[in-house]
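Heads up: the structure comes next, in structure tokens.
Coordinate-derived values only; no laboratory data. Computed from a predicted model, the values in this text were never measured in an experiment. As a convention, Cβ positions derive from the backbone with ideal geometry for all residues, glycine included, and neighbour counts pool all protein chains shown.
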Amino acid sequence: MPTSDTDLPSIEFSDQRLGNGLRVIVAPDSLAPVVAINLWYDVGSKHESPGRTGFAHLFEHFMFQGSAHVAKAEHMSVVQGAGGVNNATTYFDRTNYFETLPSHQLDIGLWLEADRMATLLEALSQENLDNQRDVVKNEKRQSYDNRPYGSFYEKLMAAVFPPDHPYHHTPIGSMEDLDAAALEDVRDFFRTWYAPNNAVLSIVGDVDADAALASAERYFGPIPANPELAAFRAPDTPAVIGQEVREVVPDAVPLERVHFGFRTPPFGSPEFDALEVAGQILAGGRGSRLHRSLVRERRIAQDVAAFVLPLVTGGSIFAGWVTARPESDAAEVEAAYLAELARLTTEPVTDDELARAKALIESAELDALGRVDEVADRLSMYATLFDRPGMINEQLGRYLAVDASAIQSVAASVFRADNRAVVTYVPRGVEMEEAA
């Protein structure tokens, strides 16, 4: 059974700002002699201007190409040489950089992050721009263009969010925009967003809180803020798409697959929490509704998926897919998938289903809260997105509080025909045979 509210873990942390606006969160944890450093910049693909898509992701690559005192690719080699690991990711709402190191190597990690925040432009050259532009293009070809079903992400986001919405395009961006980017465009993007007053630094692990804060002050404190940083403004977005959007995509795919997208309330809302639980009931493992019905019992589907993305600006997206078995077809599996969504709107889920879904969520949440790197990431996330790092101690309780009526209510408001995008992939040539 899920843990009671009184048994939920609690992360203790300090939360302070340096004089330049950098938010520093420190959570000591002496269980293991390691420390996680996690730096979230409040800039993602949603902050890009028309004609300038892909810049946030491009900068994730630039940040490993050297700075004033660190040679190209040396950031990673220094971390690895100190016994640590590091990486970075770009998303719609943010870009983050992170290291996990032996705790006595904290200063090395902080110095490396501060050096590239302060001096990246000193190493940014036309050669670097050209090289990393080619790297991003190759990444897009491998992950999107040349992968079976790989374009679904871009197609669903574009269908669920209108052209003037910042989620209409994905973080990979437009290759045409990157080709058109001049070196000064890229420099302006960095000057605007890569500033201490647009970042959250979380330090979690075997450290003394005061000493860790002092180290952050030493390395980041001299970096000037950007006094012209403007608050992000998003256009008003209706709660639903307003129509059903359909597309058939002939592609080099082995089986027909139907992808679905629905516009939802944003991450951080009670409705989003209920959709997270609903996603587990629908597709969380072999005991879930979709897997049991479509894959195991009726045997018309090869696989199924259902999930929500944690997006905060004017809404989010519930997405999923079903892959037809060779003897089935797209229309059959689509109807079966949508029937299960419709059942959520008309029948309360059972107590057993609710308990199973919450147990899966609780297991994942407790696992995350037991790892210093995940705790650091979540502290940075809640501080950046909601200005409330303390949400790290609330989110699991919010999931456990979801009841059957909340799921039925949000399902009825989201899983509507006029709020649905459907992208169907068919093996190339099949659509011509059906037309004939």
Q. At q = 0.08, 0.09, 0.10, 0.15 Å⁻¹, what base-10 log of I(q)/I(0) does the Debye formula yield for the range 8-220 when every alpha carbon is treated as an equal point scatterer in vacuo?
A. -0.31, -0.39, -0.48, -0.99
Q. Cross-link partners among lysines for residue 46, C-alpha distance below 19 Å, same-chain residues fewer than 8 apart left out?
A. 140, 155
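Do you know the relative contact order of the chain, to the nearest whole percent, from alpha carbon pairs under 8 angstrom that are 6+ apart?
Numbers: 827 pairs, mean separation 97.6, N = 436.
Reported relative contact order: 22 percent.
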Q) Computed on alpha carbon atoms, what radius of gyration and Dmax characterise the chain, expressed in Å? A) 23.0, 74
Q | Dipole magnitude of the range 296-436, debye to nearest 20 (Cβ charges: Lys/Arg +1, Asp/Glu -1, about Cα centre) | A | 200
Q: Might you report the magnitude of the Cβ-based charge dipole of the chain about its Cα centre, with Lys and Arg at +1 and Asp and Glu at -1, to the nearest 20 debye?
A: 480
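Convex hull volume of the Cα atoms in the range 332-381, per residue, in Å³?
Working: hull volume 6.5 nm³, N = 50.
That works out to 129 Å³ per residue.
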Q. Quick one: in the range 288-332, what % of C-alpha pairs are over 14 Å apart?
A. 53
Q. Taking only DSSP H segments of four or more residues, each worth -39500 (n - 2.57), what value at 222 nm results for the chain once the sum is divided by all its residues, to the nearest 500 deg cm²/dmol?
A. -12000 deg cm²/dmol
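Can you tell me the equivalent ellipsoid semi-axes for the range 188-308? Use √(5λ) from the Cα gyration tensor, largest first, whole Å. Intermediate results must be reported in sequence, preceding the final value.
Details: eigenvalues 385, 105, 52 Å².
So the equivalent ellipsoid measures 44, 23, 16 Å along its semi-axes.
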Q. With no solvent and one point on each alpha carbon, what is the Debye value of log10 I(q)/I(0) for the range 1-120 at q = 0.12, 0.15 Å⁻¹?
A. -0.55, -0.81
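Taking the Cα centre of the range 8-220 as the origin, how large is its charge dipole in debye, to the nearest 20, when only Lys and Arg (+1) and Asp and Glu (-1) carry charge on their Cβ atoms?
Working: 16 positive and 30 negative charges, 75 e Å.
It comes to approximately 360 debye.
Could you give me D for the range 262-306, from Stokes-Einstein at 20 °C and 1.002 mPa s, where the hydrodynamic radius is the Kirkwood radius over C-alpha pairs? Units µm² s⁻¹, please.
Numbers: Rh = 11.2 Å.
Diffusion coefficient, whole number: 190 µm²/s.
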(Q) Counting just the Cα atoms, what span does the range 245-435 cover along each of its three principal axes? Round to the nearest Å and put the largest first. (A) 57, 33, 32
Q: Choose one of 183, 163, 81: the residue whose Cα lies farthest towards the positive end of the charge dipole of the chain (beta-carbon charges +1 Lys, Arg; -1 Asp, Glu; about the Cα centre).
A: 163
(Q) I'd like to know which of 207, 69, 234 lies farthest towards the positive end of the charge dipole of the chain, counting +1 on Cβ of Lys and Arg and -1 on Cβ of Asp and Glu. (A) 234
(Q) If the elastic network links every pair of Cα atoms under 10 Å, which of 330, 214, 195 fluctuates the most in the Gaussian network model of the chain? (A) 214
